[in-house]
Structures are given as C-alpha cells and as structure tokens.
Amino acid sequence: MRRNRLGKTDLTISAVCLGTMTFGEQNTEAEGHAQLDRAFAAGVDFIDTAELYAIPPRPETQGRTEEIIGSWMAARGNRHDVILATKVCGRSDATWFRDDGARCRLTRAQIDEAVFKSLKRLGTDYIDLYQVHWPERMVSTFGSNPTIWTDPPIRADETAIEESLDALAAHVAAGRIRHIGLSNESAWGTMRWLRAAETAGLAAPVSIQNAYNLLNRTYEVALAEVTAREGVGLLAYSPLAQGYLTGKYLGGARPAGARSTLFQRGQRYEKTNAEEAIAAYCALARDLGLTPATLALAFVASRSFVASTIIGATKMEQLEEDLAAFDVEITPEIAAKIDEIHLRYPNPAP
C-alpha cells in the first residue's frame, strides 16, 4: 500500500482511506468490523468517520458509526496502529447533536462538546485528524452549483473562524487532537483558516476533505494550487460519485439495496449531462478492459494533490474491487482520453 505525507506533518497515511458512513445503517456492526479487518489487512490504516454518521443522518443512528469503529479497535487492541479521522458538524438546523438541543454551530462550546463525545464513542483519548465537516459560512457544497453566487453571501451571525480555530487548537495543545482538517471548504475559506493560524501562532489545517471524481473536478480550479503551495492535502471523498460512476444507475436503474434506491439521495449526480458523462466514462473503461469503478478510482488516486482516496462499500465484493483499483496506472494516454470526455461534459455534478 502506497503511503503519502499528510500535509506538512510528519505523519504518513495510506493512499486509501476507508470511509465508514454506512456502518450502523446499511451495514451492521459485524459487517463494519469485517470491512475494517479486510482494509487493515490490505494496508489501509487510515479510517474516516464523523459525529454525523451513519448516513442518512437521523437521531436514531447518530454517532453509531463512531461506536462501531470504537468497538472494533477495542476488540483488536490496535488503536495505536490506526490513523483515525472524524468530524464536527458545521452549521445546521439539526437539533439532536447537542445536549441542549441547540442548532449546530462552530462555536467553542459546541466544538468542545463534539470532541469529548466523539472520544467517548470511539473509546480513545486522542483523534489523529479532527475535521470541520462543512463551514459555518454559506458556501456551495453538497451538490449546489458553484457558479451561482449565494445571495446574501454573508450571515450576520457567523461564528468567526478565529473562534473555531482557537477551540480546536486548544484540543491540539491538550493532546486530544493531533491535527486539524477542513471539509467541504473553498479556496478562500482554506486560505482564511491558514492565515488565522499563522497570525495567532496556532495549529493550522493540514488537509481538506472535498468531493473529487470524474463528474466533479472543481477542486482543480483553485484548491489544487492551495494544496501545492500550502501543503493542505486533499482527502478525496465520493470518488465513485456515490456509486453513479459504476454505471449501476444508468437508464434510471435502481438496483435493490443501493443507496439511491433506499434513500433517494443521489440528486447531486443526476444533473444535466451527468448521465451522458457517466455513460462515456463507462464506455472508456470497457475499451480499456477495466471496470468503471476501477477507472474512476485509479483516476482520483493518480492526481498529485490527492493525499488519500476515501472509499466506501456496503458489500465485501465492492470493497475488494475498490482495493484492487489502486494497482492500476493511469497512463498519459488514458489521462488524455479522460480529459477528452471532461471537455465535453465539464463538471456536470459539482
């Protein structure tokens, strides 16, 4: 398993990260443990979760994913061999995350509460990478069109980035968090966090977890330069576009047990030209003698700004296919063919 440096830290992570948001909803605890065992055996020591999970988010399953990971580490006695990442919710109208029923904000008090709860559920006294799941600001995330300006763009009651950073840095100083990360963040937001850290002499974000796949290469527009110049590595989530890049939803198909069949949460990948782009990438994969999933994952892993590619599966055979994809090389010739399709259908599902 190839390893990459996490940002400017001295920590190296596996080039594949196991995403776990299905644990506690689509996957049982036993199935989650089996996936973790298989990934660990393949050299994947980087695990990503969140206080939000399982997905779809609901009060009955919130925090269950962290609990399943915690029970696995306790049973295997391997906490110090695992690089563990989790997240705190950004601004949200959800009221079931905080004890007082408050809507989620990135205030010092809420960050403190979230950190201690995650530590308890995970059964550990430290988190390797603690990430802000999404900003408190109004930004284009989760499938909103990044070319449409949000109006009004500024909330009068935003929690200042400095307050959130100071709260997170206090946990770093206390040893409860090793490193800070961002997620679903913009180039401006990332640079603003970095400037705040530099000004105050505090721990700075070392990573950003954003969607990146064949249908959404918007990271390349501005954030890839931030990675190159500032050392904030991309943890690429949704490399298979929630399974759409496997081709299983083409033509309106809804396979039994699939996420979009169960939860109807795939609208992000059903926009204008998305179907045509998916069909084109699937055809290219067949021409190359690859599965569509293999092509999609190998492409993401080939990008120099990607520190780790986050994979997720509900079935063990899916996990096996995903793991095998990282042995495939995207040659310059294959990359050129991918770019030809991208030019025809640029970022249909941001």
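Points to keep in mind about this one:
- Here GLU220 and ALA94 are evaluated by their C-beta separation; at R0 = 22 Å the FRET efficiency comes out at 0.10.
- Summing Cβ point charges (Lys, Arg +1; Asp, Glu -1) relative to the Cα centre of region 216-350 gives a dipole of roughly 540 debye.
- Loop trypsin sites (Lys or Arg not before Pro), region 1-108, which have at most 15 other Cβ atoms in a 10 Å radius of their Cβ (DSSP): ARG2, LYS8, ARG103
- Only Cα pairs under 8 Å and 6+ residues apart enter the sum, and on that basis the relative contact order of region 2-79 stands at 30 percent.
- Between the residues ILE310, TYR281, PHE263, the greatest Cα displacement towards the positive end of the dipole of region 252-340, with unit charges on the Cβ of Lys, Arg, Asp and Glu, is found for PHE263.
- Ordered by the count of other Cβ atoms within 10 Å of each Cβ, fewest first, SER308, SER302 give SER302, SER308.
- Cα centroid of region 158-231 to Cα centroid of region 329-350, whole Å: 28
- Taking GluC sites (Glu not before Pro) as exposed when their DSSP state is a loop state and no more than 10 other Cβ atoms lie within 10 Å, the longest site-free interval of the chain runs over 61-328.
- Think of the chain as a dipole: +1 on every Lys or Arg Cβ, -1 on every Asp or Glu Cβ, centred on the Cα centre; then among ILE47, LEU214, SER140, SER140 lies furthest on the positive end.
- FRET efficiency, GLU317 to HIS80 (Cβ-Cβ, R0 51 Å, nearest 0.05): 0.95
- Amide N of region 308-335 lying under 18 Å from the label point, which is placed 7 angstrom from the Cα of GLU270 along Cα→Cβ: none
- Relative exposure of ASP128, ASP81, judged by other C-beta atoms within 10 Å (fewest first): ASP81, ASP128
- Across the chain: Cys residues that no other cysteine approaches within a C-beta distance under 4.7 Å: CYS17, CYS282
- Mean Kyte hydropathy of 0.5 or more with a Cα span along the axis of at least 15 Å, helices from DSSP in the chain: 161-174
- The tail of the calculated P(r) for the chain beyond 24 Å holds 55 percent of all Cα-Cα pairs.
- When each of LYS87/LYS315; LYS120/LYS315; LYS8/LYS337; LYS8/LYS271; LYS8/LYS248; LYS248/LYS337 is checked by Cα-Cα distance, pairs over 31 Å: LYS8/LYS337; LYS8/LYS271; LYS8/LYS248
Read the figures in this text as sums done on the coordinates, not as results from a lab. Bear in mind that the values here come from a model prediction, so they are computed numbers and not experimental data. Please note: Cβ atoms are built from the backbone with ideal geometry, for glycine as well, and neighbour counts cover all protein chains shown.
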